[in-house]
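Reviewing the structure listed below.
The values are calculated or read from the model by the stated rules, or taken from the named source; none is laboratory data. Given the structure is predicted, the values throughout are model-derived calculations rather than measurements. When we count neighbours, we look across all protein chains shown, and the Cβ atoms used for this are built from the backbone with ideal geometry, even at glycine.
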Amino acid sequence: MSLLARQYVRILGVVAAFGWLISVFSHAAEGEALPRIGPAPAFTLITQEGTRLSLADLRGKIVALTFIYASCADTCPLLTAKMAGLQARLGTDFGARVFFVSVTVDPERDTPEVLKRYAQAHGANPAGWAFLTGTPAQIRQVARHYGIFYKKTPRGDMDHTFLTSLIDHSGTLRVQYLGVRFDPEELLRDLQALVREKTRS
Amino acid sequence: MYTQRARRMSRREFLGGLTVMGTAGVLGLHAGLEAAEAPPETTKIRLIQVPGICVAPQYVAEELLKGEGFNDVQYLKVSTAEVYKVIAAGEVDISMAFIAPFILQVDKGIPIVLLGGVHVGCFELFGTDKVRAVSDLKGKTVAVPELGSSHHVFLSIIAAHAGLDPQKDINWVTHPITESLPLLTEGKVDALIGFPPVPQELRAKGIGHVVLNSGVDSPWSQYFCCIVGSNREFVRAHPVATKRALRAIVKAANLCATEPERAARLIADKGYTYDYALKTMQEIPYNKWREYNPEETVRFYASRMHEVGMIKSSPQQIIAEGTDWRFFSALQKELKG
């Protein structure tokens with residue numbers, strides 16, 4: 001290798017190392033990137049407005065997906081209230097870059113009209129939050145794909161698990177929050193991190 | 001000459017690597033796990049069902065396992081001592097169990113691989129008035145279900161940690177756990193160690209008193225108690241199924257903590273007593289699995305076992321030959337809450 005070539009390699013190495021260090025420090029400052037679990041399972045369901053909505057329609061936005069049902073008296077309202085509180089915190093990103101989707105696990109009772117009333121009662125801004133229903137078979141499939149378990153109790157309530165899934169702008173499932181006791185600040189940070197990631201891309 | 005050449009190549013490789021990393025960093029490109037999560041390689045999964053309910057998450061996980069693509073979820077009823085044998089034999093694919101006997105199996109070269117931790121302490125040592133501390137076990141009679149069972153192995157480790165020689169200093173007697181409870185009441189045995197629902201039942205009936213609670217007392221409370229193990233061949237041939245099954249179990253662990261009544265109902269459906277199941281859900285910190293390090297747990301237990309001659313392998317050998325944390329590490333990041 002000639003002297004000039006060796007000099008070139010050295011300079012390239014220094015530049016590369018510098019870039020790598022900047023990258024490492026910037027990511028350390030932002031926190032570790034969220035994992036990529038895999039493609040988020042697709043679905044097409046009916047919104048509270050009676051229109052069809054597919055996950056694919058939301059491509060380009062960050063999606064927070066929850067499962068609830070309207071007549072749930074105990075835990076679902078806590079989750080919905082937690083999500084509702086994040087709408088304002090997201091500012092102009094809400095609706096434009098971040099979209100909430102709540103799928104009912106009680107499709108027999110939760111018609112679009114019922115879900116619309118539920119959304120209004122919880123202060124959900126329809127510009128960035130859709131409440132979805134479908135046939136029992138469709139709902140069962142979506143819930144199953146996202147790891148939700150539910151069944152009707154003898155009292156007629158729905159016994160179901162809680163899992164909030166964050167899906168990035170490319171349709172990749174990134175992280176899932178178990179239960180409803182998670183820290184909303186952490187969820188907000190993750191949503192904002194995914195928005196920044198989209199902006200960078 | 002060879003060394004010189006090797007050194008020159010290393011530098012090139014190093015610079016080349018730096019160039020790739022640096023360029024990627026500048027451009028904001030980062031390698032990620034982009035691959036799709038495929039369906040499990042098998043739709044059948046076999047777990048164990050033991051008399052204990054500290055492994056509740058794997059009972060609660062049944063529907064979650066179905067959601068992960070396992071249409072055929074089977075539970076094989078075995079005694080606690082048989083757990084490790086059936087996993088090693090490939091009769092069960094994956095299961096939670098107390099860590100120490102898993103380490104014994106790995107030490108023997110049995111093809112078991114540890115995948116991740118689920119919860120810390122569930123064992124409790126109960127004694128009569130004659131036993132106030134672990135050191136009081138010297139010369140006493142202690143009931144265990146079987147020699148080599150989780151109970152026997154764990155109490156041996158605890159006794160050795162307290163300076164006793166578990167083989168010489170303790171008079172071990174074997175009785176099924178249900179028969180041990182009246183023996184403790186009558187003072188025919190001085191102590192017994194039990195895992196849920198036994199401690200809950202002893203407390204409810206006012207039998208004996210707690211000498212040591214592995215969920216509270218250090219150092220035991222600092223490490224996982226029950227850990228998920230699998231047959232090595234199953235993991236090798238079914239990596240996706242392994243991760244999916246592990247995910248269902250840790251998700252179920254959170255469910256046990258956050259919705260104890262529901263979890264207790266599901267456990268009662270499998271034939272256990274609802275009240276004891278509920279107590280267990282409320283007492284064991286099932287939602288802490290993301291906070292503990294399974295490798296440190298293996299190192300801790302393997303060190304204790306190596307010190308007292310229970311295993312020949314070093315802790316590092318046990319970790320190298322009997323653990324695979326990649327799925328658990330991924331799940332610790334993928335699941336929050």
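Just need a number here: residues in segment B:300-323 that are of a type outside the set (Gly, Ala, Ser) and surrounded by fewer than 18 Cβ atoms within 10 Å (Cβ to Cβ). I'd like the intermediate steps shown before the answer.
Of the residues in segment B:300-323, the ones of a type outside the set (Gly, Ala, Ser) are B:300-301, B:304-308, B:310-312, B:315-319, B:321, B:323.
Within this subset, residues satisfying the condition of being surrounded by fewer than 18 Cβ atoms within 10 Å (Cβ to Cβ) are B:307-308, B:312, B:316-317, B:321.
Qualifying residue count, segment B:300-323: 6.
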For this session: Would you tally the residues in segment A:47-67 being surrounded by fewer than 22 Cβ atoms within 10 Å (Cβ to Cβ) and in a strand (DSSP E or B)?
Result: 3
Problem set entry | The lone exception for residue A:77 - which of (1) modelled with pLDDT under 95; (2) surrounded by fewer than 18 Cβ atoms within 10 Å (Cβ to Cβ); (3) farther than 20 Å from residue A:158 by Cβ; (4) not polar (S, T, N, Q) it fails | (3)
For this session: Name, by its number, the condition in (1) touching a Phe, Trp or Tyr at 6+ places or on another chain (Cβ under 8 Å); (2) under 26 Å from residue B:296 (Cα atoms); (3) assigned to a strand (DSSP E or B) that does not hold for residue B:104.
Result: (3)
For this session: Determine which member of the set B:161, B:175, B:151 is surrounded by 22 or more Cβ atoms within 10 Å (Cβ to Cβ) and not acidic (Asp, Glu).
Result: B:151
Exercise. What is the one condition in (1) at pLDDT below 90; (2) within 21 Å of the chain's Cα centre (by Cα) that residue B:47 does not satisfy?
Worked result: (1)
Exercise. Restricting attention to segment A:31-46, and to residues there that are in a loop (DSSP other than H, G, I, E, B) and facing chain B (nearest Cβ under 7 Å), which single residue is nearest to residue A:197 (Cα to Cα)?
Worked result: A:33
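Among B:69, B:121, which is the only one that is in contact with a strand residue (DSSP E or B) (Cβ under 6 Å, 6 or more places away or on another chain) and more than 16 Å from residue B:250 (Cβ to Cβ)?
Just one listed residue meets the conditions, B:121.
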Exercise. For segment A:163-200, how many residues meet the condition of being assigned to a helix (DSSP H, G or I), over 13 Å from residue A:64 (Cα atoms) and of a type in the set (Val, Ile, Thr)?
Worked result: 1
For this session: May I ask you to list the residues in segment A:112-140 that are under 16 Å from the mean Cα position of the chain (by Cα) and within 22 Å of residue A:152 (Cα to Cα)?
Result: A:131, A:132
Exercise. In this structure, does residue A:108 turn out to be acidic (Asp, Glu) and touching a helix residue (DSSP H, G or I) at 6+ places or on another chain (Cβ under 7 Å)?
Worked result: yes
Seminar exercise, completed: Across (1) within 14 Å of another protein chain (Cβ to nearest Cβ); (2) modelled with pLDDT of 95 or more; (3) farther than 28 Å from residue A:190 by Cα, residue A:64 clears everything bar (3)
Exercise. Would you call residue B:66 closer than 25 Å to residue B:233 by Cβ, in contact with a helix residue (DSSP H, G or I) (Cβ under 8 Å, 6 or more places away or on another chain) and among the basic types (Lys, Arg)?
Worked result: yes
Exercise. Which condition does residue B:245 not pass, out of (1) surrounded by fewer than 16 Cβ atoms within 10 Å (Cβ to Cβ); (2) assigned to a helix (DSSP H, G or I), if it passes all the others?
Worked result: (1)
Exercise. Which members of segment A:174-200 meet the condition of being without any contact (Cβ under 8 Å) to a residue 40 or more places away in the chain, within 9 Å of residue B:337 (Cα to Cα) and more than 7 Å from chain B (Cβ to nearest Cβ)?
Worked result: A:183
Problem set entry | For residue A:148: the one exception among (1) part of a loop (DSSP other than H, G, I, E, B); (2) within 14 Å of another protein chain (Cβ to nearest Cβ); (3) modelled with pLDDT of 95 or more | (3)
Problem set entry | Residue check, residue A:143 in a strand (DSSP E or B), within 14 Å of chain B (Cβ to nearest Cβ), under 22 Å from residue B:68 (Cα atoms) and among the aliphatic types (A, V, I, L, M) | no
Exercise. Scanning for something among the aliphatic types (A, V, I, L, M), in contact with a Pro (Cβ under 9 Å, 6 or more places away or on another chain) and in a helix (DSSP H, G or I), does segment B:48-59 turn up at least one residue?
Worked result: yes
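Taking segment A:159-173, which residues are crowded, with 21+ Cβ neighbours inside 10 Å and either at the interface with chain B (Cβ under 8 Å from one of its Cβ atoms) or not charged (D, E, K, R) (or both)? Steps first, please.
So the first thing to find is which residues in segment A:159-173 are crowded, with 21+ Cβ neighbours inside 10 Å, and the list is A:160-168, A:173.
Result: A:160, A:161, A:162, A:163, A:164, A:165, A:166, A:167, A:173.
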Exercise. Is at least one residue of segment B:87-109 surrounded by fewer than 22 Cβ atoms within 10 Å (Cβ to Cβ), in contact with a strand residue (DSSP E or B) (Cβ under 6 Å, 6 or more places away or on another chain), among the basic types (Lys, Arg) and in the same structural domain as residue B:272 (by TED's automatic domain parsing)?
Worked result: no
Exercise. For segment A:120-140, which residues satisfy the criterion of being in a helix (DSSP H, G or I) and more than 14 Å from chain B (Cβ to nearest Cβ)?
Worked result: A:120, A:121, A:136, A:137, A:138
Seminar exercise, completed: Note on residue A:104: of the conditions (1) touching a Leu at 6+ places or on another chain (Cβ under 9 Å); (2) over 26 Å from residue B:63 (Cα atoms), unmet is (2)
